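The values are calculated or read from the model by the stated rules, or taken from the named source; none is laboratory data. Since the structure is predicted, the reported quantities are computational estimates derived from the model, not experimental observations. Cβ atoms come from the backbone with ideal geometry, glycine included; neighbour counts cover every protein chain shown. Ligands, DNA and RNA are stripped out before the accessible areas are found, and what is left, the full protein with its side chains, is counted by its heavy atoms. Shrake-Rupley method; radii C 1.70, N 1.55, O 1.52, S 1.80 Å.
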Amino acid sequence: MLQNEKKQSFIALSRFLSQFSEEGNTRNELVLGNDLFFEDFTKLIQLSQSHNGWYTPEQVYFAIKSWADALTEENIDKWLSNYESEFSENNKKEKTVALILAGNIPLVGFHDFLSVLITGNKALIKTSSNDQHLLPFLAKYLIFIDQSLKDKITFVEGKLENFDTVIATGSNNTARYFEYYFKDKPSIIRKNRNSVAVLNGQETKEDLEALGEDIFRYFGLGCRNVSKIFVPKDYKFDAFFEAIFKYQDVIHYEKYANNYDYNKAVFLMSNFKLLDNGFLTIKEDTSHASPISSVFYEFYENIEDLQNRLEAEAEQIQCIVSNNLIKNSISFGKTQTPELWDYADNIDTISFLLIT
């Protein structure tokens with residue numbers, strides 16, 4: 001089957017990516033294409049921060065490891081097993097799918113890229129100006145592994161033309177433009193979303209340390225980063241601040257430090273009441289979207305009422321983190337390691353591509 005052929009290419013990519021880690025790159029002579037790609041990818045990782053100041057080697061290595069871990073044969077089989085009937089019934093002609101990618105975190109558009117190719121379609125890709133190098137490099141590696149992909153992957157810089165379907169990711173403002181511009185095409189249009197955590201005061205230090213990972217990974221730039229915390233009345237933040245102290249080095253990154261200084265100054269000039277530990281401010285606010293270096297919090301009185309509220313605000317929320325306090329929440333520390341079947345905005349991309 002077509003998806004099985006493509007599956008092997010991505011498994012090979014997983015093996016290639018698994019050679020790279022923050023602890024040190026280890027060349028495996030059994031991996032295909034190392035003579036052509038290993039040294040160049042090593043250099044690209046080190047240069048990524050010069051292309052985008054937020055793409056530090058630490059963050060790029062984390063993204064690479066996440067995809068190396070995700071693209072195993074077991075994971076891909078488990079993911080695609082949900083669509084066996086759709087694949088067998090899908091006799092439609094090959095589609096060209098336009099992908100308009102975000103660039104807030106490294107390889108943020110890779111899942112859409114993967115979904116298009118694994119369903120046997122063509123990808124017409126417009127990368128973000130903030131992430132123009134990593135995905136094209138991985139595409140070259142995939143084409144080396146499978147020459148048939150050469151005609152299925154196209155990167156464009158100008159206007160998108162001659163496509164059948166579109167998946168576009170942007171802000172709420174750009175989404176309005178996308179919805180108008182692509183009104184005559186089947187589409188998935190993704191808008192701003194944020195992730196929240198719900199605490200009850202019974203969390204362990206390990207839970208709260210893991211919550212720090214959900215907050216600080218990628219400097220808080222991702223839609224899966226926790227930007228809002230719901231806490232019970234009279235909650236004391238001492239244990240929270242103690243647990244997240246391990247992430248204090250984040251303030252040594254200039255771009256993060258500049259945001260911390262700026263946003264703290266804005267809050268103070270507006271006479272907002274803040275809690276501050278020297279690298280993160282937390283502020284009581286009803287919004288889900290906090291600025292970089294800040295997390296909002298809000299008190300709740302009844303967990304059932306909070307559950308109902310979060311369900312009503314589902315279109316604003318990407319992930320909910322808790323110790324099973326909220327239905328369908330995920331564990332602390334897991335927001336930035338989604339499975340292949342954890343879809344952005346809960347929109348099943350594979351079904352969309354097979355049905356439209």
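Figures for the structure shown
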| read-out | value |
| --- | --- |
| Portion, in percent, of the accessible area of region 3-192 that falls on carbon or sulfur, probe 1.4 Å | 47 percent |
| Distant-in-sequence amide H partners of Val226 (H built 1.01 Å from N, under 5 Å) | Ile215 |
| Tilt relative to the chain, helix 134-145 - C-alpha long axis, 0 to 90 degrees, to 10 | 30 degrees |
| Calculated [θ] (222 nm, deg cm²/dmol) that DSSP helices of n ≥ 4 give over the chain, each run adding -39,500 (n - 2.57) | -12500 deg cm²/dmol |
| Percent accessible area from carbon and sulfur atoms, region 222-356, protein chains only, probe 1.4 Å | 48 percent |
| J(HN,Hα) series, region 339-356, from Karplus relation 6.51 cos²θ - 1.76 cosθ + 1.60, nearest Hz, glycine and proline x | 7, 4, 8, 8, 8, 4, 6, 6, 9, 6, 5, 5, 4, 4, 6, 7, 8, 6 |
| Interchain or long-range residues, amide H under 5 Å from Ala123's placed H | Val97, Ile153, Thr154 |
| Projected label distance in nm at Lys150 and Asn28, using a 7 Å step from Cα toward the beta-carbon | 2.7 nm |
| In range of the label at Phe137: residues from region 49-89 whose backbone nitrogen is under 20 Å from the point 7 Å along Cα→Cβ | 49-71 |
| Inter-label distance, nm, simple model (7 Å from Cα along the C-beta direction), Glu313/Thr286 | 1.0 nm |
| Residue of Lys246, Lys191, Lys93 that the Gaussian network model of the chain assigns the largest fluctuation, springs spanning Cα pairs under 10 Å | Lys93 |
| Integer Hz, Karplus 6.51/-1.76/1.60 couplings in order for region 33-48, x for Gly and Pro | x, 4, 4, 8, 10, 4, 5, 5, 6, 4, 5, 4, 4, 5, 8, 4 |
| Computed accessible area, His51, all protein chains, 1.4 angstrom probe, square angstrom | 80 Å² |
| Angstrom value of the Kirkwood radius, inverse mean 1/r, which spans all Cα pairs in region 277-356 | 15.0 Å |
| Pairs of lysine residues in region 194-322 - Cα separation under 25 Å, sequence separation of 8 or more or cross-chain | 28 |
| Relative contact order (percent, whole number), region 211-356, Cα cutoff 8 Å, 6+ residue spacing | 25 percent |
| Heavy-atom accessible area order for Val266, Val97, largest first, 1.4 Å probe | Val266, Val97 |
| Probe 1.4 Å, accessible area per residue of region 143-252, Å² | 51 Å² |
| Calculated on alpha-carbon atoms, Rg and Dmax of the chain in Å | 21.1, 62 |
| Most positive-pole-ward Cα, Phe155, Val250, Ile167, against dipole of the chain from beta carbon charges | Phe155 |
| Choice from Gln336, Gln248, Gln19 showing the highest fluctuation, given a GNM over the chain with Cα pairs closer than 10 Å | Gln248 |
| Heavy atoms of Val321 accessible to a 1.4 Å probe, total area in Å² rounded to 10 | 0 Å² |
| Label point 7 Å beyond Cα of Glu73 along Cβ direction - residues of region 13-27 with amide nitrogen under 20 Å | 13-19 |
| Loop GluC sites (Glu not before Pro), region 156-188, which have at most 15 other Cβ atoms in a 10 Å radius of their Cβ (DSSP) | Glu157, Glu161 |
| Sequence-distant aspartates and glutamates (8 or more away, or on other chains) whose Cα lies within less than 16 Å of Lys65 | Glu22, Glu23, Glu73, Glu213, Glu339 |
| Centroid-to-centroid separation of region 14-76 and region 125-169 [C-alpha atoms, Å] | 19 Å |
| Extension gain, Lys159 back to Glu254 (0.36 nm per residue minus Cα-Cα distance, nm) | 30.7 nm |
| Under Karplus coefficients 6.51, -1.76 and 1.60, residue-wise ³J(HN,Hα) of region 76-86 in Hz, glycine/proline x | 5, 4, 5, 5, 6, 4, 6, 10, 4, 5, 5 |
| Shape call, region 3-192: gyration tensor on alpha carbons, a/c limit 1.5 | oblate |
| 1.4 Å probe accessible area per residue over region 26-124, in Å² | 45 Å² |
| Nearby aspartates and glutamates by direct alpha-carbon distance to Lys185 (threshold 13 angstrom, same-chain neighbours under 8 apart not counted) | Glu161, Asp164 |
| Residues whose placed amide H lies under 5 Å from that of Tyr300, excluding near-sequence neighbours | Val231, Lys233 |
| Mean separation of Cα contacts under 8 Å (6+ apart) over length of the chain, as relative contact order % | 16 percent |
| Residue with peak Gaussian network fluctuation, the chain [Cα springs, cutoff 10 Å], from Phe182, Phe267, Phe219 | Phe267 |
